[in-house]
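No value in this document is a laboratory result; all are computed from the given coordinates. These numbers come from a predicted model, not from an experiment. Ideal geometry is used to build each Cβ from the backbone, glycine not excepted, and the neighbour counts take in all protein chains shown.
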Amino acid sequence: MRYRTLGTRTGLRVSEVGLGAWGIGGPVAVKNRTSPDFAPANYGDMSESQAVATIAAAIDSGINLIDTAPFYGGDGVSERRIGQFLKGRHDDVVVVTKVGVYKEGDLYRRIYTREVVRRQVEESRQRLQRDVLDVELIHSPTRQEYGNGEALEELLAQKAAGRVKYIGFSTLFDPSQGLEWLKSGVIDVIEVPLSLVRPSMADEVLPLAEQMGVGVIAREPLGNGFLTGRFTAETEFGPTDQRRNWPREQVLDFIRRAEEFRFLSEGRGTTRAQSALAWVLSHRAVSTVIGGAMTDGEIRENAAVGSLDPLGTADLARARDILDRELVSR
């Protein structure tokens, strides 16, 4: 495993590949997320033993950063499982969690007030069994949801009080929003969606983050799993997999676009997932890439990228040409 610095503002050394722990929380269904009715909000089933095996495999593979959130698993299940596994054994592992999104009864909530931030920081400290949280991010608010910025003010207060070491934002898909958060000048870490099917953060957000010493966590690097090459137009997602409710045209579009990058793994002895992760890591501003994993085998496959040769210049140039053509066609 290779390691990078999570921005000069934190100075933390983190593994190039981290563990995205949404799946670790297991299945959850809520109302008012994608529809008024109950709908899945995860990627399938995950038993307690499977979660433990996946976290253990990540640590054994040299991973020292895990990304989670209170909503993952619905009622803090992902955080709780991580806290139980790490306590007293792996206190050096950097855990990133979030505030603002949570499950309340059957309902999906996105609320970014002082009270919510204060409450969720304390709940995360308890579930993760840590007096001080490593990294706390505001969980992907829209501008309207963010409102007057009281969530950031409260997070700064939590940092000043010593309950949180480093703070930042997890962004949605609009690069201008990421630039806005960075220009606040007070965040230490930014988490952005970045993949071969969603590359828009690369050209402006990453350079500014690097310039400002802000650590970059790249999420959804496998394009919600489509860049693994495991899905076809005939794939039927299970009842606890949120992708079953995606618009059909979006699923087919991701499958088509993923196929364009098959060449990155041909002749390299790597899987398509590993090549997709390697593309994200070709951006020097990226501190760590957090591919999700539902099994110990998947996380070992992801982690292996931390010891493989980087993509070559010819492959990167060809990928760039494809991305540029895609941008023009849209």
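Here are some notes:
- Span-rule helices in the chain, defined as complete DSSP H runs reaching 30 Å or more along the axis (Cα) with Kyte mean at least -0.5: none
- Over the range 84-152, the pair-distance histogram of Cα-Cα distances with 10 Å bins from zero comes to 19, 46, 28, 7, 0 percent, rounded to whole numbers.
- Spin-label pair E122-L208: with each label point 7 Å from Cα along the Cα-Cβ axis, the two points sit 3.5 nm from one another.
- Ranking of S35, S265, S78, S124 by count of other Cβ atoms within 10 Å, fewest first: S35, S265, S124, S78
- Each Lys or Arg adds one and each Asp or Glu takes one away; over the other residues whose Cβ falls under 10 Å from the Cβ of V94, this sums to -1.
- Whole-Å distance, taken between Cα centres, linking the range 27-100 and the range 196-270: 20
- Antiparallel bridge percentage (DSSP; both residues within the range 18-140; nearest 5): 40
- Kirkwood hydrodynamic radius of the range 13-329, Cα pairs, Å: 19.8
- Pairs beyond 26 Å (Cα-Cα), from K31/K159; K31/K98; K87/K165; K87/K159; K159/K183: K31/K159
- Cβ-derived FRET efficiency at R0 35 Å, D131 paired with D253, nearest 0.05: 0.15
- Only beta bridges with both residues in the chain are counted; by DSSP, about 25 percent of them are antiparallel.
- Cut-off 13 Å between beta-carbons: net charge of the residues surrounding T54, Lys and Arg +1, Asp and Glu -1: -4
- Pair R13, D92: separation of 7 Å Cα→Cβ label points (nm): 0.8
- Summary value for the chain: 22 percent relative contact order, contacts being C-alpha pairs under 8 angstrom separated by 6+ residues.
- Neighbourhood net charge (14 Å Cβ-Cβ; Lys/Arg +1, Asp/Glu -1) for D315: +1
- Note: relative contact order over the range 166-279, using C-alpha pairs below 8 Å and six or more positions apart, is 24 percent.
- Look at V77, V99, V116 and count the other Cβ atoms within 10 Å of each Cβ; fewest to most, that gives V116, V77, V99.
- Nitroxide proxy distance, nm - points 7 Å out along Cα→Cβ at T113 and E236: 4.5
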